[in-house]
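Worksheet for the structure shown next.
The values are calculated or read from the model by the stated rules, or taken from the named source; none is laboratory data. The model shown is predicted, which means the values in this text are computed figures rather than measured ones. FYI the Cβ positions are ideal-geometry reconstructions off the backbone, even for glycines, and counts take in every protein chain you see.
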Amino acid sequence: MAKTKGRKPAKPAVTEPKKRGRKPKEVIEETDEGLGGFLPELRLHPETKKSIWAVILFGVALILLLAGFQNAGPAGNFLYDIFRSLFGWGYYLLPLILVVIGGVFLTSERRKVYGVTFFGAGLFVLSGLGLIDVLSPGNGGLMGKMVGALESLFGYTAAIIVIIIMLTVSFLVTLNLPIKIKKRGKDWVVEEVREEEPAEIEEPEEEGEVADELAEEPEEEELVTVEPTIKEKIAAAMTGKPKKEEPIVMQDDKDYVFPPLDLLRSSVEKPTSGDLRANANIIKRTLESFGIMVEMGEINVGPKVTRFTLKPAEGVKLSRITALNQDLALALAAHPIRIEAPIPGKSLVGIEVPNKAAAVVRLGSLINYPEFAESGQLSFAVGRDVTGEPMFANIAKMPHLLVAGSTGSGKSVTIHSIILSLLYKNSPRTLKLIMIDPKRVELSVYSGIPHLIAPVVTQSKKSMGVFRWALNEMDKRYELFERAGSRDLASYNKKNPKEALPYVVIVVDELADLMSTYGKEVEGSIVRLAQMARATGIHLILSTQRPSVEVVTGLIKANIPARIALQVASQIDSRTILDMSGAEKLLGGGDMLVAAGEKPKRIQGAFVSEEEIQKVAQFIREQNKDIIGEEVSFDAKPVASDEGGAGDGLFDAFSGGDSEDELLEQAIEVVVQAEKASASLLQRRLKVGYARAARLLDIMEEKGIIGPSKGANPREVFLKDGE
């Protein structure tokens with residue numbers, strides 16, 4: 001922030017993300033400029049001004065139409081005589097053009113209506129009159145005769161062609177519509193990337209200018225839009241064409257059809273933040289009433305919250321400001337309010353106030369950005385920050401991710417947006433997925449896509465086989481790296497392009513279920529993978545809706561620094577995830593705090609609907625039927641299964657059967673010595689949980705070692721000591 005000493009106070013600015021060089025005040029006035037300044041003095045909503053012009057144009061069109069039938073009185077007849085002499089038969093084009101322009105005013109959600117719209121309409125009328133004059137000489141009026149003079153220059157046929165070109169161009173200019181030729185399939189899948197900047201979060205209107213007594217306008221901040229990543233050129237991968245200089249993309253990628261972008265909605269909603277001027281004044285007066293002098297800074301309008309920045313006077317402790325959280329919430333009639341003191345990298349304090357109406361950040365609008373196409377292979381769209389800027393992250397840099405939040409906070413949607421981002425950037429040859437879904441309904445939609453090493457795992461027992469397989473695969477890859485003299489997956493694939501190994505991402509939808517059944521073993525496997533698997537290209541994405549210390553243990557947190565915290569019920573849960581408070585003040589619905597080894601950053605997560613997820617998964621399955629069932633050439637090859645399809649038995653060798661439980665021998669010894677069998681006995685002697693103790697009893701019953709359950713009495717033991 002610029003120094004303010006010796007200057008007069010200025011007005012706080014509303015920062016518009018895409019126009020960084022423009023002064024903030026110009027941003028506020030921009031909506032009026034879109035109408036050519038015809039209504040500069042009216043303090044109206046920009047959409048209201050558009051509606052007014054639409055009504056006026058519709059009315060004039062109706063009057064001209066009535067005048068053409070001599071039903072508009074003397075004034076109408078006068079207008080008819082003038083325009084008929086000028087336009088001839090083209091007179092009846094005027095009402096049509098006015099109706100079209102009025103429709104543009106009403107339907108233009110994102111773009112503004114500029115003078116070029118009227119220019120295009122005028123050119124369209126002239127071209128139409130010229131065409132009438134060429135086809136029927138003398139019936140195009142004076143204006144048509146001027147344009148019809150092209151016939152003397154080009155001849156009859158060429159003149160018609162020129163005029164048709166003029167008609168087409170003027171039509172496109174009037175409606176501001178590009179001509180798109182879409183081609184679905186592996187050649188063109190980025191055809192809908194708009195010429196204009198994709199999916200910007202538009203600023204809400206200002207109801208008035210900020211009071212003169214507010215603090216001086218700070219220097220406009222430097223907005224960082226993309227997480228630091230290695231800029232890999234994957235444009236060819238996005239279109240299904242492998243680049244020769246990218247050895248990780250195998251030759252077979254030419255047969256894979258990437259999903260097109262039009263499967264995802266990319267519409268943009270406009271947030272409503274209320275009266276920014278009034279809220280800024282309220283914040284300033286409230287702090288001053290407690291003896292805290294501040295200088296108001298810029299105002300950033302995000303999808304879900306609006307951040308008011310301020311600079312406290314010298315000598316003011318930040319703790320005094322943060323202690324007034326509830327007082328500010330009461331004054332602003334908004335809850336909850338989050339105070340960020342200080343904003344990272346700035347000498348400012350941020351006060352985040354919920355918007356009156358939030359804007360949905362759609363995944364399709366973020367994938368349109370060139371930053372996403374140019375980022376790493378494991379990059380995914382996170383969402384938009386409080387300034388409205390798009391945010392992307394790279395799992396390879398994290399290198400593992402923990403997502404936690406209460407029910408309904410947007411955890412599952414976040415997981416789906418990550419998965420879809422990866423599917424839009426990677427073919428099955430560069431990425432393999434393993435999905436563990438104990439709830440059986442969240443990730444089952446991806447069943448059958450060629451990226452899966454095996455069908456979605458829904459059994460807790462088989463999920464342990466996943467971790468054992470991953471550890472075994474990690475060790476094998478390290479052996480390959482050692483023989484090849486490589487230190488990580490990227491260098492190995494460059495040296496061995498014909499035997500390139502894919503990334504492996506393991507997605508766990510509910511970690512709490514696994515921890516309750518196989519607590520110590522799951523924790524040990526996760527910790528070892530988190531510590532060592534980064535270089536081998538194996539990454540974990542863990543999620544839970546129960547962020548307790550029994551699930552998100554200290555060892556797991558120590559080895560997974562990248563975490564996403566959604567709304568939680570208490571400050572204790574927030575500290576469990578982030579080691580600090582803040583997540584309990586989030587608004588839900590994808591509102592998140594993202595921590596990647598630094599201070600958490602507030603982001604509105606990307607939203608993707610169930611319908612969009614099904615469309616993408618269905619497209620990948622249908623367009624890549626020949627690839628489904630193919631497995632990447634790991635050393636540990638999958639075992640075919642008659643019931644589950646190809647790859648269903650991949651983890652069976654690592655899961656172990658029930659009869660091969662490593663504690664079975666000890667359990668048999670315990671019950672034989674005690675001459676009785678019960679779950680509580682095995683829990684005490686073997687120090688295992690109830691679920692595993694009960695499973696050991698079932699195994700011994702199947703083997704005929706013990707008898708069936710007798711209610712509250714211990715089971716009978718058939719095997720005697722020494723047998």
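What to note about this one:
- The C-beta contact set for segment 316-331 (first residue free of Cβ contacts under 8 Å to residues at least 40 places away in the same chain, second residue in a helix (DSSP H, G or I), distance under 8 angstrom, 6+ apart or interchain) comprises I321/L287; L324/T286; L324/L287.
- Of all residues in segment 51-68, exactly one satisfies the criterion of being of a type in the set (G, A, S), over 19 Å from D81 (Cβ atoms) and over 40 Å from the mean Cα position of the chain (by Cα), namely G59.
- Residue in segment 577-591 that is hydrophobic (A, V, I, L, M, F, W, C), touching a Pro at 6+ places or on another chain (Cβ under 9 Å), free of Cβ contacts under 8 Å to residues at least 24 places away in the same chain and in the same structural domain as T430 (by TED's automatic domain parsing) present: yes
- Some residue of segment 376-390 being in contact with a helix residue (DSSP H, G or I) (Cβ under 8 Å, 6 or more places away or on another chain), in a loop (DSSP other than H, G, I, E, B) and surrounded by 22 or more Cβ atoms within 10 Å (Cβ to Cβ): yes
- Whichever residue in segment 305-336 is more than 17 Å from S581 (Cα to Cα), of a type in the set (A, V, I, L, M) and assigned to a loop (DSSP other than H, G, I, E, B) and, among such residues, is nearest to the chain's Cα centre (by Cα): A334
- Applying the criterion of being in contact with a strand residue (DSSP E or B) (Cβ under 7 Å, 6 or more places away or on another chain) and small (G, A, S) to the residues of segment 545-584, the residue that is farthest from G524 (Cα to Cα) is G582.
- When residues of segment 667-683 are limited to those that are at pLDDT below 85 and of a type outside the set (A, V, I, L, M, F, W, C), the one nearest to the chain's Cα centre (by Cα): Q683
- Candidate set from segment 268-291 (those that are part of a helix (DSSP H, G or I) and in contact with a Pro (Cβ under 9 Å, 6 or more places away or on another chain)); member that is nearest to R384 (Cα to Cα): L276
- Segment 494-524: number of residues that are under 12 Å from P438 (Cα atoms) and not small (G, A, S): 9
- Boolean, K317 is modelled with pLDDT of 90 or more, in contact with a strand residue (DSSP E or B) (Cβ under 9 Å, 6 or more places away or on another chain) and closer than 23 Å to P344 by Cβ: no
- Tallying residues that are modelled with pLDDT under 90 and part of a strand (DSSP E or B) within segment 596-607 yields 1.
- Close contacts from segment 426-450, counting a first residue that is assigned by TED's automatic domain parsing to the domain that holds L540 and farther than 19 Å from G465 by Cα and a second that is modelled with pLDDT of 90 or more and part of a strand (DSSP E or B), with Cβ to Cβ under 7 Å and a gap of 6+ residues or different chains, come to T430/Y503; L431/Y503; L431/V505; Y446/M435; Y446/L452.
- Residue within segment 442-453 that is in a strand (DSSP E or B), modelled with pLDDT of 90 or more, under 30 Å from A694 (Cβ atoms) and in contact with a Leu (Cβ under 6 Å, 6 or more places away or on another chain) present: no
- Any hit, segment 597-611, residues being under 23 Å from H416 (Cβ atoms), crowded, with 19+ Cβ neighbours inside 10 Å and acidic (D, E): no
- Taken across segment 407-420, residues that are at pLDDT 90 or above, within 13 Å of V508 (Cα to Cα) and in a strand (DSSP E or B) do not occur at all.
- Within segment 665-683, residues that are outside the structural domain of L696 (by TED's automatic domain parsing) have Cβ atoms under 9 Å from residues that are buried (at least 18 other Cβ atoms within 10 Å of the Cβ) and assigned to a helix (DSSP H, G or I) in no pair, counting only partners at least 6 apart in sequence or on another chain.
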